[in-house]
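Working notes for the structure below.
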Amino acid sequence: MLCECGCGVDAGVYSVDSNGKRKGEPKRFIWCHSGKMANTVLHSMPKPKRTHCARGHELSSNNVRIGSRGYGRCIICVNMDQKDRQDNLKASGFCVHGHKKNRENTDTNGSCKVCRENHCKRRYGISLEEVDLLLKRQHNRCAICPQEFNKENRPRIDHKHGSVNARGLLCHGCNIGLGCFKENPDVLQSAIQYLKETQ
């Protein structure tokens, strides 16, 4: 006999004589499905699939990120939460990584010196002091072309790809150019020869 709560599962029969019920008599409910629990406990009924998140964004295959615990999260909400956090940090005098902004650890362009120091150490293996020394050694100019660095043309740290060894400071164009030539001197020499022949 099916459970009378509506879950659709067989309630079974009594295995022993108890409480006035005979052995083999069919049960009306599965344990804890009777009374008030019958309205709240849905033993095996599938839950309806959610189509929208709590903020009303549609949950599609393009808009759901599965987290480390296997739960899906709305990507729009995740991005909104991150932006809110960043805006709150900026408004409260902190950088996006939570470092306190003050005159000592803020650059002239408003960026956090602690974050820049960490980035330079991690990515290029040099400190901000070493970057300043490179700037002085290169007379605040690109190591390849004579272009001077300024707010619009900031220095890019050139490094050998696959390592963290910084080689010098380049302008954006020269840095991109080296990357396009795959940092291969033979290819660069061929490009020089080509330009000389076609001028």
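Which ones in the stretch 1-19 are touching a strand residue (DSSP E or B) at 6+ places or on another chain (Cβ under 8 Å), part of a loop (DSSP other than H, G, I, E, B), modelled with pLDDT of 70 or more and not small (Gly, Ala, Ser)? So that I can check it myself, show each step before the final result.
So in the stretch 1-19, the residues touching a strand residue (DSSP E or B) at 6+ places or on another chain (Cβ under 8 Å) come out as 1-3, 8-14.
Pick out the ones that are also part of a loop (DSSP other than H, G, I, E, B) and you get 1, 3, 8-9, 11-12, 14.
This time we only want the ones that are modelled with pLDDT of 70 or more, so: 3, 9, 11-12, 14.
Answer for the stretch 1-19, where residues must be touching a strand residue (DSSP E or B) at 6+ places or on another chain (Cβ under 8 Å), part of a loop (DSSP other than H, G, I, E, B), modelled with pLDDT of 70 or more and not small (Gly, Ala, Ser): 3, 9, 14.
Just the residues that are touching a residue at least 12 places away in the same chain (Cβ under 8 Å) and either closer than 17 Å to residue 176 by Cα or not hydrophobic (A, V, I, L, M, F, W, C) (or both), please, taken from the stretch 123-147.
123, 124, 125, 130, 138, 142, 143, 144, 145, 147
Which one is surrounded by the fewest Cβ atoms within 10 Å (Cβ to Cβ) among residues in the stretch 20-61 that are of a type in the set (Lys, Arg) and modelled with pLDDT under 65?
The first filter runs over the stretch 20-61 and keeps only residues of a type in the set (Lys, Arg), leaving 21-23, 27-28, 36, 47, 49-50, 55.
So of that shortlist, the ones also modelled with pLDDT under 65 come out as 36, 47.
Values: 36: 8, 47: 6.
Step by step, filter the stretch 20-61, then rank; the result is 47.
So is residue 150 touching a residue at least 24 places away in the same chain (Cβ under 8 Å), closer than 29 Å to residue 106 by Cβ, surrounded by fewer than 13 Cβ atoms within 10 Å (Cβ to Cβ) and polar (S, T, N, Q) or not?
no
When you scan the stretch 153-183, how many residues do you find that are surrounded by 11 or more Cβ atoms within 10 Å (Cβ to Cβ), farther than 24 Å from residue 132 by Cα and of a type outside the set (Phe, Trp, Tyr)?
Number of matching residues: 1.
Of the residues that sit in the stretch 67-89 and are farther than 27 Å from residue 50 by Cα and surrounded by 13 or more Cβ atoms within 10 Å (Cβ to Cβ), which one is modelled with the lowest pLDDT?
89
The values are calculated or read from the model by the stated rules, or taken from the named source; none is laboratory data. Predicted model only: the values in this text are computed from it and were never measured. Glycine gets a Cβ as well: all are built from the backbone with ideal geometry, and neighbour counts include every protein chain shown.
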